[in-house]
């Protein structure tokens with residue numbers, strides 16, 4: 001399977017201004033959809049599309065301290081790691097920059113990039129997934145007619161293989177046809193829901209949600225054989 005995100009991770013030609021750092025923190029907090037608006041440094045760097053171990057990342061780290069000293073940010077700790085959130089002054093500073101219209105746009109958000117990568121990879125791979133599943137189903141029919149019949153272990157192994165293949169086809173189908181393009185105004189969380197679920201009883205609705213868990217995880221498309 002090709003690299004799901006083949007784009008080179010290069011250093012931005014210009015380091016972001018302080019107001020863009022504030023915008024990255026605000027968007028990171030919105031997209032994480034956590035109880036607290038505080039976000040760790042790695043999330044800020046993701047929204048600025050800056051590699052964690054780079055000169056630009058070290059620059060951002062120094063600017064966070066400056067913005068805290070200026071009253072635009074508040075520092076806290078979560079699970080031993082420092083987190084940052086906008087103060088009221090920081091929100092006003094960001095809103096003023098946005099109203100004046102000079103603030104550059106943030107890079108593509110991580111949640112939109114995840115959607116785009118999944119959609120692109122699904123388009124590239126779904127025919128191969130279909131072909132692999134079709135071959136397995138045809139082999140299963142031959143096993144049903146085999147004489148002498150195969151041992152039970154053969155069927156149990158086939159069951160595992162078919163489950164992986166079916167889940168891979170289902171996941172790719174969802175990513176290609178059913179996953180709506182994220183709106184950066186809100187967090188794009190897969191809660192495993194579908195409007196059609198309202199027409200089924202609660203127990204079946206629960207089973208459907210359980211089956212949908214992980215359907216956006218394209219790393220699960222790589223099996224133990226690397227296919």
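The values are calculated or read from the model by the stated rules, or taken from the named source; none is laboratory data. A quick note: this is a predicted structure, and the numbers were derived from the prediction, not measured. Neighbour counts run over all protein chains shown; Cβ positions are idealised from the backbone, glycine included.
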statement: Scanning the stretch 88-135 residue by residue, those closer than 30 Å to residue 164 by Cβ, in contact with a helix residue (DSSP H, G or I) (Cβ under 9 Å, 6 or more places away or on another chain) and free of Cβ contacts under 8 Å to residues at least 24 places away in the same chain turn out to be none
- request: Name the residue, out of 120, 83, 87, that is at pLDDT 95 or above, farther than 30 Å from residue 36 by Cβ and surrounded by 15 or more Cβ atoms within 10 Å (Cβ to Cβ).
  value: 120
statement: Scanning the stretch 207-223 residue by residue, the ones that are surrounded by fewer than 13 Cβ atoms within 10 Å (Cβ to Cβ) and either assigned to a helix (DSSP H, G or I) or in contact with a strand residue (DSSP E or B) (Cβ under 7 Å, 6 or more places away or on another chain) (or both) total 4
query: Restricting to the stretch 1-31, what's the tally of residues that are assigned to a loop (DSSP other than H, G, I, E, B) and modelled with pLDDT of 90 or more?
result: 3
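Conditions (1) assigned to a helix (DSSP H, G or I); (2) under 22 Å from residue 32 (Cα atoms); (3) in contact (Cβ under 8 Å) with a residue 40 or more places away in the chain, marked per residue:
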residue	(1), (2), (3)
137	yes, no, no
148	no, no, no
167	yes, no, yes
188	no, yes, yes
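For residue 143, state whether it is touching a residue at least 12 places away in the same chain (Cβ under 8 Å) and in contact with a strand residue (DSSP E or B) (Cβ under 8 Å, 6 or more places away or on another chain). Before you say what the answer is, go through the steps one by one.
Numbers: touching a residue at least 12 places away in the same chain (Cβ under 8 Å): yes; in contact with a strand residue (DSSP E or B) (Cβ under 8 Å, 6 or more places away or on another chain): no.
Against the criterion (touching a residue at least 12 places away in the same chain (Cβ under 8 Å) and in contact with a strand residue (DSSP E or B) (Cβ under 8 Å, 6 or more places away or on another chain)), residue 143 does not qualify.
Inside the stretch 192-206, can you point out the residues that are part of a loop (DSSP other than H, G, I, E, B) and out of contact with any helix residue (DSSP H, G or I) (no Cβ under 8 Å at 6 or more places or on another chain)? Even if it seems obvious, please write down each step before you answer.
Taking the stretch 192-206 first, the residues part of a loop (DSSP other than H, G, I, E, B) are 192-194, 200-201.
If the condition is that a residue be part of a loop (DSSP other than H, G, I, E, B) and out of contact with any helix residue (DSSP H, G or I) (no Cβ under 8 Å at 6 or more places or on another chain), then 201 is the only one that fits.
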message: Among (1) surrounded by 10 or more Cβ atoms within 10 Å (Cβ to Cβ); (2) more than 17 Å from the chain's Cα centre (by Cα); (3) assigned by TED's automatic domain parsing to the domain that holds residue 130, there is one condition residue 175 misses while meeting the rest; what is its number?
response: (2)
